[in-house]
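Got a structure for you, questions after.
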Amino acid sequence: MEIGKRIRELRNAQGWNQEEFAEKTFVSRQTISSWENDKSYPDIKSLLLMSELFNVSLDELIKGDIVTMKKEISNESIREYRFWSNIFAVGFLIAVIIPYPLIHFFKIYGVIIFVLYYVALIALSIKVEVLKKHNDIQTYKEIVAFSEGKELSTEEKIAEKAKRPYQKVLLAIASAALTLAVMLLFHLILG
């Protein structure tokens, strides 16, 4: 049974119209209608509240919709990961470009500004790493598959986990080389 039908069934059993039920769940009547017509899916807070209002377990309320719920949670994780990783990517590119000009033009103040920026970037990288760990993604192939909402086969997962240690080292070396190359370029230009 789909959740929309289940919500309508339980709401009718209580004798509530959509307006009354909307007041009890702190949403609009249109939201109730969207849920009942399977146009949208209730968030976890609403599901917990409905579970209490209908005096049924969460399992009873969403029975048959576990797959849909897992997909929704996965989509939210993908969106969150994309958001923070994109911000980090832009931040990293800025970190590669700005050190030399900051130091060249602002001397010691440029160093202070860069150090503060770098600390913020480290905090952001920790956020991205936590999201990667939470979703068990580390290698490029795992990240691409996750971002596309796909799953790797068991064999692919094993192969990717074997790559993790040396890929991090190579990424650090490549990042340092890129930063050095950009700094040398700025030195030649601004020299």
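Restricting to region 100-130, give me the number of residues that are hydroxyl-bearing (Ser, Thr, Tyr) and either within 17 Å of Arg82 (Cβ to Cβ) or under 15 Å from the mean Cα position of the chain (by Cα) (or both).
Of the residues in region 100-130, 1 are hydroxyl-bearing (Ser, Thr, Tyr) and either within 17 Å of Arg82 (Cβ to Cβ) or under 15 Å from the mean Cα position of the chain (by Cα) (or both).
Same structure, new question: Looking only at region 1-23, count every residue that is exposed (fewer than 15 other Cβ atoms within 10 Å of the Cβ), assigned to a helix (DSSP H, G or I) and modelled with pLDDT of 90 or more and tell me the total.
Number of matching residues: 6.
Output the qualifying pairs, or none if there are none: Cβ atoms under 6 angstrom, residues six or more apart or on different chains, first residue in region 143-166 and within 23 Å of Arg79 (Cα to Cα), second residue among the acidic types (Asp, Glu) and surrounded by 15 or more Cβ atoms within 10 Å (Cβ to Cβ).
Within 6 Å, the pairs are Glu160/Glu142.
With respect to Val27, determine if the residue is exposed (fewer than 12 other Cβ atoms within 10 Å of the Cβ) and within 28 Å of the chain's Cα centre (by Cα).
Considered against the rule, which asks whether it is exposed (fewer than 12 other Cβ atoms within 10 Å of the Cβ) and within 28 Å of the chain's Cα centre (by Cα), Val27 comes out as no.
Would you mind finding the one in Tyr81, Tyr41 that is modelled with pLDDT under 90 and not in a helix (DSSP H, G or I)?
From the options Tyr81, Tyr41, the qualifying one is Tyr41.
On to the next question. Could you say whether any residue in region 152-162 is part of a loop (DSSP other than H, G, I, E, B) and surrounded by 11 or more Cβ atoms within 10 Å (Cβ to Cβ)?
Here is the first cut: in region 152-162, the residues part of a loop (DSSP other than H, G, I, E, B) are 152-153.
From what's left, surrounded by 11 or more Cβ atoms within 10 Å (Cβ to Cβ): 152.
Yes: one or more hits.
On to the next question. Can you tell me which condition Ala172 does not meet? The list is (1) over 17 Å from Trp84 (Cβ atoms); (2) touching a Phe, Trp or Tyr at 6+ places or on another chain (Cβ under 7 Å), and all the others hold.
With (1) over 17 Å from Trp84 (Cβ atoms); (2) touching a Phe, Trp or Tyr at 6+ places or on another chain (Cβ under 7 Å) applied to Ala172, the lone miss is (2).
Now a separate question. Inspect all residues belonging to region 178-186 and state whether any of them is of a type in the set (A, V, I, L, M), part of a helix (DSSP H, G or I) and under 25 Å from Trp84 (Cα atoms). So that I can check it myself, show each step before the final result.
Within region 178-186, the subset of a type in the set (A, V, I, L, M) is 178, 180-185.
Within this subset, residues satisfying the condition of being part of a helix (DSSP H, G or I) are 178, 180-185.
Narrowing the set further to residues that are under 25 Å from Trp84 (Cα atoms) leaves 178, 182.
Yes, there is a match, as at least one residue in region 178-186 is of a type in the set (A, V, I, L, M), part of a helix (DSSP H, G or I) and under 25 Å from Trp84 (Cα atoms).
Separate question: List pairs: first in region 32-57 and acidic (Asp, Glu), second surrounded by fewer than 17 Cβ atoms within 10 Å (Cβ to Cβ) and part of a loop (DSSP other than H, G, I, E, B), Cβ under 8 Å, 6+ apart or cross-chain?
Hits for this filter: Asp38/Glu2.
Out of (1) over 30 Å from Met183 (Cα atoms); (2) part of a helix (DSSP H, G or I), the odd one out for Val56 is which?
In the conditions (1) over 30 Å from Met183 (Cα atoms); (2) part of a helix (DSSP H, G or I), Val56 misses (2) alone.
Give just the number: which of (1) surrounded by 12 or more Cβ atoms within 10 Å (Cβ to Cβ); (2) closer than 19 Å to Val182 by Cβ; (3) at pLDDT 90 or above does Ile87 not satisfy?
(2)
Quick check on region 163-183: of everything there that is farther than 22 Å from Asn135 by Cα and either surrounded by 13 or more Cβ atoms within 10 Å (Cβ to Cβ) or outside the structural domain of Ser77 (by TED's automatic domain parsing) (or both), which residue is nearest to the chain's Cα centre (by Cα)?
If we take residues in region 163-183 being farther than 22 Å from Asn135 by Cα and either surrounded by 13 or more Cβ atoms within 10 Å (Cβ to Cβ) or outside the structural domain of Ser77 (by TED's automatic domain parsing) (or both), then Ser175 is nearest to the chain's Cα centre (by Cα).
Just wondering, is there one or more residues in region 92-106 that are modelled with pLDDT of 90 or more, surrounded by 12 or more Cβ atoms within 10 Å (Cβ to Cβ) and of a type in the set (Phe, Trp, Tyr)?
Checking region 92-106: at least one residue is modelled with pLDDT of 90 or more, surrounded by 12 or more Cβ atoms within 10 Å (Cβ to Cβ) and of a type in the set (Phe, Trp, Tyr).
Does Lys133 qualify as being within 21 Å of the chain's Cα centre (by Cα), basic (Lys, Arg), surrounded by 11 or more Cβ atoms within 10 Å (Cβ to Cβ) and assigned by TED's automatic domain parsing to the domain that holds Ala95?
Here the answer is no, as Lys133 does not meet what is asked.
Looking at (1) at positive phi; (2) part of a loop (DSSP other than H, G, I, E, B), which is the one condition that is false for Lys107?
If we test Lys107 against (1) at positive phi; (2) part of a loop (DSSP other than H, G, I, E, B), just (2) comes out false.
The values are calculated or read from the model by the stated rules, or taken from the named source; none is laboratory data. Nothing here was measured: the structure is a model prediction, and the numbers come from that model. A quick note on method: Cβ atoms are made from the backbone with ideal geometry, for glycine too, and the neighbour counts reach across all protein chains shown.
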